[in-house]
Each structure stands twice: as C-alpha cells, then as structure tokens.
Amino acid sequence: MPRTTPKPTARAVGHTDLGRRIAARRVELGYTREQLAQRCGMDVSYLAYLEERAAHPSTGTLVRLAGELGTTIAELTGVTTDRPPGRGTAWLESELVKLSETECRRLLSTHGIGRVAIVSPDGPGIFPVNYVVAGNEIAFRTEGDALLARAAGTQVAFEVDHIDDVMKTGWSVLVVGAVEGVTDAEALRRLDAVARSLPWAGGDRTYWMSITPVRITGRRAVPQ
C-alpha cells in the first residue's frame, strides 16, 4: 500500500511510555487513530487501548506499528532511550552532501534542541539549549548568571542535527555568529510569544540570548 501523508489533525494522547511513543510518532506523521489502525489492520479501539493503557502487544503488532510509523520496535518500546543516535550501520556507499544556506535555514526553522559552543576562561564548553528562530537570529534561554550568559559579546558556534537510524541518513547545520543578551522589552515579548516549550533543563532559565549568524553551513549524509 503506498504511503500517503494525511493532514495533521490528530493529537498525541498517550499515557504510558509505549503509548506516548506511538501517539507522538503518529501525530508527527499526521495520522489520526482511525487512519493508523486501518493501515495496521487493527481495530481502532485496540489502538486506543495501546496508547492509553499499560499494554503488552504481540511482536507481530509491534512489527506492523513500527513499519507503518517508519520506525523500529526498539524505538517504540524505549530500548534506545539512553543510547546516542547513529548506532546503526551506515550505507556502504554513503556520502556527505553540502546544503545550501536556504536549506540550512529551513532545517533550523524546525526548532528544538541545539548546542551552543563557547570559549570561557575555564576552556571550551558545549551546552544543549532549547532554541527558536526569530527572524534572522537564533534565540535561547539560560540563567542570568550562567556561563552562557557571561559569553555575551563573544563569537560562538551553534549546531543542530538529526540522525535517522532507520533510513540511515542524517544532517547537521552549523551557525557561527556573535551572541548577545536580549534586553529590548518588545523583543523579549516576541520571543516569549514564539517559545514552543519551557527549557528542558528546568530552573530559572528566563534570560534570553540571541545569536546573529555570520556563517551558516550544513551537510547531509545520503546513500549514493
């Protein structure tokens, strides 16, 4: 059956680890419960049960779900939670392809988690941050007295990437630019409005900083 991409009208409502992963991947692909159940050849009420209850589906059921969701049983069941991505074997003839700045900006605009690399008196450091793209700038929040905040006025590197172990592909984008603290009240209101989530690290991370890019480059690993 050819794969189609329905309109993203569903919501993730999983209540267990397995259920949350099924629901999140389903919504990411834009499937409703009814659509995914039909593709997997199962009753929609059983799919609802898998998403909302502590279920123990058969291997066959997991195989069908993983296949339709474009993932693996290990990913659905959380086996890979504490493992870094990219553990799978790459294509024998894979190669790195340069990305245009337009494509780099498109990938950056998806937001999420990125890494800020700085040089401090204690040496280099790399910090994961939640980020948003606001116009030409990349913005993130940290604590007002954190090492990142003290990097204001310096040049930093910002990196974001994605690895698809199932399809054996991946990409990375690197931004180099000056980082500054955001103090303008209107700019702060705009950033608060577009922030998609609270910082994963928790704590009092309300100090906004922004990176103004001077160089954006990217690579994609693809099979030949």
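The values are calculated or read from the model by the stated rules, or taken from the named source; none is laboratory data. Just so you know, these numbers come straight off a predicted model, no measurement behind them. FYI the Cβ positions are ideal-geometry reconstructions off the backbone, even for glycines, and counts take in every protein chain you see.
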Handout entry: Total residues in region 114-140, condition among the polar types (S, T, N, Q) and within 15 Å of the chain's Cα centre (by Cα)
Key = 1
Fill in the blank from the handout: Contact list, first residue from region 50-62 and at pLDDT 90 or above, second anywhere and aromatic (Phe, Trp, Tyr) and surrounded by 10 or more Cβ atoms within 10 Å (Cβ to Cβ), beta-carbon distance below 9 Å, six or more apart or interchain, is Pro57/Tyr46; Thr61/Tyr46
Practice task
Sort out which residues of region 180-221 are of a type in the set (A, V, I, L, M) and at pLDDT below 95, and write them in order of number.
Solution key: Val182, Ala185, Ala187, Leu188, Leu191, Ala193, Val194, Ala195, Leu198, Ala201, Met209, Ala221
Handout entry: Given (1) over 20 Å from the mean Cα position of the chain (by Cα); (2) in contact (Cβ under 8 Å) with a residue 24 or more places away in the chain, number of the condition Thr183 does not satisfy
Key = (2)
Exercise for the section: Specify the residue that is surrounded by the most Cβ atoms within 10 Å (Cβ to Cβ); the eligible residues are those in region 186-224 that are more than 19 Å from the chain's Cα centre (by Cα) and of a type in the set (D, E, K, R). Expected result: Arg205
Completion exercise
Considering region 158-178, residues that are of a type outside the set (A, V, I, L, M, F, W, C), touching a Gly at 6+ places or on another chain (Cβ under 9 Å) and not in a loop (DSSP other than H, G, I, E, B), and then whichever is nearest to Arg141 (Cα to Cα), we arrive at Glu159
Completion exercise
Inside region 38-71, the number of residues satisfying the requirement of being under 24 Å from Asp164 (Cα atoms) and part of a helix (DSSP H, G or I) is 13
Exercise for the section: With the checklist (1) in a strand (DSSP E or B); (2) surrounded by fewer than 17 Cβ atoms within 10 Å (Cβ to Cβ); (3) small (Gly, Ala, Ser) in hand, flag the one item Gly114 doesn't pass. Expected result: (2)
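This table checks each residue for (1) modelled with pLDDT under 90; (2) charged (D, E, K, R); (3) within 15 Å of Arg26 (Cβ to Cβ).
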position	(1), (2), (3)
Glu68	no, yes, yes
Thr71	yes, no, yes
Val79	yes, no, no
Ala90	yes, no, no
Glu93	yes, yes, no
Practice task
Kindly indicate whether any position in region 179-191 is outside any loop (DSSP other than H, G, I, E, B) and under 13 Å from Asn130 (Cα atoms).
Solution key: yes
